[in-house]
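Visitor: One structure, pasted below without further comment.
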Amino acid sequence: MAPQRRTKPAPRRPKSAPARRTRDPKAVQAAVAGLIRALGLDPATEPELLATPERVADLYAEIFAGLDPGAEPVPATFPAADAGPVAGKRSDDLVIVRDLPFYSLCVHHFVPFFGHARVAYLPGKRLIGLSGVARILEFYARRPQLQERLTAQVADHLNRLLAPRGVAVVIEARHLCMEMRGVRKTGCFETRALRGALAKPAWAGVLDAGRAQGRLGTGARTRRGAAG
């Protein structure tokens, strides 16, 4: 009996991500109108509610703008060599953006969480324009979010965009889903995403230095190393 040939299994094709459905403002308005009725409210007796469905649809269009097709920012970057003869070449040449405000909605309850981000990177061959980090943070914040995921998304985006030697993102935020309901306590939650060289112990606490010395001002951008 002739030996049977073993056939190799066909290679698995990576699953493509499902296409995101486009937002439907009319459906949002209808859903809000239904929610108003489900809560026992009546626009006929409370005319202030008549335009609420349209207002809420407009609100969601703005605060969920990060979900729109083509919304991903394309920040300006430029070669580190253009910033000076030593920019990005010294081992301690660090760029930090501090006190960047953001607002987002908790994916679990659709109520706000908000706070500030601190972002640092050790330049490789390219630097990002001054507003670029803020645009990336805004893009990922404008959607139903988890703070942990937001922190990682900003760090990973900068990693892809700049190929730096290291990236660190620290976000501090208050969550109204805890303050308005449930335990009803205030608190500031901190999440960190560290990539590359900035994940090493030698850089531990570098993003806390400005906080210990006093805030540098909203959106302040500091640089260590290049100025000597």
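Yes or no, residue by residue, for (1) among the hydrophobic types (A, V, I, L, M, F, W, C); (2) in a helix (DSSP H, G or I); (3) buried (at least 19 other Cβ atoms within 10 Å of the Cβ); (4) more than 11 Å from the chain's Cα centre (by Cα):
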site	(1), (2), (3), (4)
L105	yes, no, yes, yes
F114	yes, no, no, yes
R118	no, no, yes, yes
Y121	no, no, yes, yes
L130	yes, no, no, yes
R149	no, yes, no, no
A152	yes, yes, no, no
A155	yes, yes, yes, no
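Visitor: Among R211, R215, which is assigned by TED's automatic domain parsing to the domain that holds N159, at pLDDT below 95, in a loop (DSSP other than H, G, I, E, B) and under 14 Å from G115 (Cβ atoms)?
Guide: Numbers: R211 fails: in a loop (DSSP other than H, G, I, E, B).
Exactly one of R211, R215 is assigned by TED's automatic domain parsing to the domain that holds N159, at pLDDT below 95, in a loop (DSSP other than H, G, I, E, B) and under 14 Å from G115 (Cβ atoms), namely R215.
Visitor: Hey, another quick one. Would you pick out the residues in the range 142-190 that are among the aliphatic types (A, V, I, L, M) and at positive phi?
Guide: A163
Visitor: Do you know which of the residues in the range 1-41 that are surrounded by 10 or more Cβ atoms within 10 Å (Cβ to Cβ) and in a loop (DSSP other than H, G, I, E, B) is modelled with the highest pLDDT? Spell out the reasoning first.
Guide: Pass one, the range 1-41, residues surrounded by 10 or more Cβ atoms within 10 Å (Cβ to Cβ): 23-37, 41.
With the extra rule that they be in a loop (DSSP other than H, G, I, E, B), the set shrinks to 23-24, 41.
Values: R23: 82, D24: 93, L41: 98.
Result: L41.
Visitor: So, one more: Quick check on E172: is it within 13 Å of the chain's Cα centre (by Cα) and assigned to a strand (DSSP E or B)? Let's see the steps before the verdict.
Guide: Details: within 13 Å of the chain's Cα centre (by Cα): yes; assigned to a strand (DSSP E or B): yes.
It is true that E172 is within 13 Å of the chain's Cα centre (by Cα) and assigned to a strand (DSSP E or B).
Visitor: Would the range 126-137 turn up any residue that is of a type in the set (K, R), touching a Ser or Thr at 6+ places or on another chain (Cβ under 6 Å) and farther than 29 Å from L59 by Cβ?
Guide: Filtering the range 126-137 for residues of a type in the set (K, R) gives 126, 135.
Then drop every residue that is not touching a Ser or Thr at 6+ places or on another chain (Cβ under 6 Å), which leaves 126.
Now restrict to residues that are farther than 29 Å from L59 by Cβ: 126.
Checking the range 126-137: at least one residue is of a type in the set (K, R), touching a Ser or Thr at 6+ places or on another chain (Cβ under 6 Å) and farther than 29 Å from L59 by Cβ.
Here is a yes/no grid of residues against (1) touching a residue at least 40 places away in the same chain (Cβ under 8 Å); (2) of a type in the set (A, V, I, L, M, F, W, C):
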{"site": "D58", "(1), (2)": "no, no"}
{"site": "F113", "(1), (2)": "yes, yes"}
{"site": "R126", "(1), (2)": "yes, no"}
{"site": "F139", "(1), (2)": "yes, yes"}
{"site": "V154", "(1), (2)": "no, yes"}
{"site": "L161", "(1), (2)": "yes, yes"}
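The values are calculated or read from the model by the stated rules, or taken from the named source; none is laboratory data. Computed from a predicted structure; not experimentally measured. Positions of Cβ are backbone-derived with ideal geometry, glycine not excepted, and every protein chain shown enters the neighbour counts.
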